[in-house]
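Everything below concerns the one structure shown next.
The values are calculated or read from the model by the stated rules, or taken from the named source; none is laboratory data. This one's a predicted model, so the numbers in the text were calculated from it and none came from an experiment. Don't worry about glycine lacking a Cβ; one is built from the backbone with ideal geometry, like all the others, and counts go over all protein chains shown.
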Amino acid sequence: MADPYLASDDELAHLQKLSSEYEPEAAGPLVGERQSSAAITTQYADADPVFRVKTAALPAKYAFFRTCRGDGHCGWRAIAFTYFEALLRLGDVNKFGDEEARLNSMGNLLDHIGYSRDIWIDFADGAFELMRKLADSVQAMDGAAPDILLQTFNDFNESMSIITYVKLLASAWVQTHADDFRHFVPMGDVKAYCGNHIEPSKCEADNISIAALAEALIKPAGFGLEVWYLDRSPGEEINRSFYAEPTDHHQMPLPNPHMLRLLYRPGHYDILYKAEDIPQPIQQQPVPAQPTLQVNLANYSDDFIPKVSNVADVMTMIPGMYPSTNFGQNWASLSYDFSPSPAPQSQVTPVQPYPSVPTPAPPVSNSQLDFIIPSHASLASQYNAPSHHSIHLDQSPLTLPIHPAPPPPVSIDRAAPVVVERGGPFRPSMYELEPGFGSALQVQPFQTSIFRNSHFNTAHFMNPDFQPEEWCPDGEYATGNKGRHKSHSS
């Protein structure tokens, strides 16, 4: 029309109706990312003073929130999303299977209100499929479950399938418990109310719908539900308009249940979180690089990085360590190739811990040097054969002292200092005991009466090394002594 002032009354009434029924196009994700609730405070910074005061106090109690698209399904979407999110926070893989079986058993309620299984199972499969995906992710511990949940609810077809199933559950609960809701619906007609305010598309969740979902979906799962209302009522904080907590079989409240929290602003629902509702991410500490192990052998220097496969080779480089059967296998022999121009090293006075042996060593070829690490004779039954180490040299001939094998074990009554000799290119460790350490404890024969009368005593006639004891008159008549053995040994 060219001139609105010349419009008829019918045209003006039509324009008024269009203006009253106008709804802005919904934008943004169906379910947004979790963000700080300080964004709500910023949003109401220039609004009504009551809103400014209440939203300013909101972040102190509820640290985070999540937006839902206001397309007429935000309330249903917020409840369905927080239900699956609470299952994730619980972290029990078996809980997903239990909930699927419980919801599947509620098919009898849907059959009672006239919805056969062929009608509602297609919508229920969307919810059951999401449960299985989340259960597999939780069991695999891959950390992908929150992303799977968010992507599913941001897919319009998948999310609407779940929302439709949730609506049918609410309608079935209200109609099968008509006595609990009859006084809250117009004319007490529960079936008509469900057909006009719950089941149709773009029908926002109201108090009756939320109460029905709390009883049918939330509380049986062990969760609680509360709705916080941001309005112009007096006060400095938002008001709680709905609260439901789970109970056990004796109708006693469950301790510390997971709570599902919704923020209601006239005509719109969002999701609220407390700080303790958000699991803290595990901080991955960077693994420091393993430093290289410097191994010096004679004039050889090499950077060696210990690995599982060469731990045994490292042990052979420690003075006093020999191949042992404790490792299960013989240690592999080492082959070192010397550089013709080795790196300069500090001059150290060589230490000669062992006496020289007059026996001359055989000449060694200037191209290859073979040496054997001798093992102690008394440990021959416990240790493997000594390893042969092959070293290729490009230098003048060398001779290494070949030490004789250690003496055989000494008997108890004639104990002598045991000298342990080792050959090879290793210097003795500063922590090795001095030769003959502890031998002073072995030279004293046993003086107990049991030992004196046994054949292990050399004074006993049954001992192979029998030697009679000599009589000492001074010891026989010594004052204060009970026997010649004690006086002789004193």
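Of 238, 271, which residue is in the same structural domain as residue 78 (by TED's automatic domain parsing) and either of a type in the set (Lys, Arg) or under 26 Å from residue 144 (Cα atoms) (or both)? Steps first, please.
Values: 238 fails: either of a type in the set (Lys, Arg) or under 26 Å from residue 144 (Cα atoms) (or both).
Result: 271 is the single residue among 238, 271 that is in the same structural domain as residue 78 (by TED's automatic domain parsing) and either of a type in the set (Lys, Arg) or under 26 Å from residue 144 (Cα atoms) (or both).
Residues in the stretch 105-138 that are loosely packed, with under 12 Cβ neighbours inside 10 Å and free of Cβ contacts under 8 Å to residues at least 12 places away in the same chain: 105, 108, 114, 116, 118. For the stretch 230-253, the condition holds for no residue, the condition being that it is touching a residue at least 12 places away in the same chain (Cβ under 8 Å), of a type in the set (A, V, I, L, M), surrounded by 17 or more Cβ atoms within 10 Å (Cβ to Cβ) and out of contact with any strand residue (DSSP E or B) (no Cβ under 7 Å at 6 or more places or on another chain).
For residue 102, the criteria (1) farther than 25 Å from residue 271 by Cα; (2) at pLDDT 95 or above; (3) in contact with a Cys (Cβ under 9 Å, 6 or more places away or on another chain) hold in every case but one, which is (3). Return yes or no: is residue 66 modelled with pLDDT of 95 or more and in contact with a Cys (Cβ under 8 Å, 6 or more places away or on another chain)? No, not satisfied. Taking the condition in a helix (DSSP H, G or I), within 45 Å of the chain's Cα centre (by Cα) and charged (D, E, K, R), does residue 129 pass? Judged against the criteria, residue 129 is a match.
Considering each residue of the stretch 150-170 in turn, at least one proves to be assigned by TED's automatic domain parsing to the domain that holds residue 131 and within 26 Å of residue 250 (Cβ to Cβ).
Whenever a residue of the stretch 32-60 is more than 24 Å from residue 71 (Cα to Cα), its partners that are among the hydroxyl-bearing types (Ser, Thr, Tyr), lying with C-beta atoms within less than 6 angstrom and at least six residues away or across chains, give the pairs 52/44; 56/41; 58/37; 59/37.
Quick check on my filter: what residues within the stretch 249-296 are at pLDDT 90 or above, assigned to a strand (DSSP E or B) and either farther than 27 Å from residue 233 by Cβ or within 26 Å of the chain's Cα centre (by Cα) (or both)? Correct list: 258, 273. For residue 102, indicate whether it is in contact (Cβ under 8 Å) with a residue 60 or more places away in the chain, in a helix (DSSP H, G or I) and surrounded by 21 or more Cβ atoms within 10 Å (Cβ to Cβ). Answer is no for this residue. Can you name the number of the only condition in (1) surrounded by 12 or more Cβ atoms within 10 Å (Cβ to Cβ); (2) out of contact with any Lys or Arg (no Cβ under 7 Å at 6 or more places or on another chain); (3) among the aliphatic types (A, V, I, L, M); (4) modelled with pLDDT of 90 or more that residue 7 fails? Residue 7 satisfies every listed condition except (4). The set of residues from the stretch 196-229 being of a type in the set (D, E, K, R), touching a residue at least 40 places away in the same chain (Cβ under 8 Å) and closer than 20 Å to residue 253 by Cβ comprises just one member, 215.
For the stretch 70-92, enumerate the residues that are surrounded by fewer than 19 Cβ atoms within 10 Å (Cβ to Cβ) and either outside the structural domain of residue 232 (by TED's automatic domain parsing) or more than 28 Å from the chain's Cα centre (by Cα) (or both). Across the stretch 70-92, the qualifying residues are 71, 72. Applying a threshold of 6 Å to beta carbon distances and a minimum spacing of six or more residues, or different chains, the list of pairs starting in the stretch 173-195 at a residue that is without any contact (Cβ under 8 Å) to a residue 24 or more places away in the chain and not assigned by TED's automatic domain parsing to the domain that holds residue 110 and ending at one that is surrounded by 13 or more Cβ atoms within 10 Å (Cβ to Cβ) and not in a helix (DSSP H, G or I) is empty. From the set of residues in the stretch 41-68 that are surrounded by 19 or more Cβ atoms within 10 Å (Cβ to Cβ) and of a type in the set (D, E, K, R), which is nearest to residue 27 (Cα to Cα)? That would be 66. Flag: residue 122 does not match the condition of being within 30 Å of residue 55 (Cα to Cα), acidic (Asp, Glu) and modelled with pLDDT under 95.
Among the listed residues 191, 202, identify the single one that is among the charged types (D, E, K, R) and part of a helix (DSSP H, G or I). Checking each option against the conditions leaves just 191.
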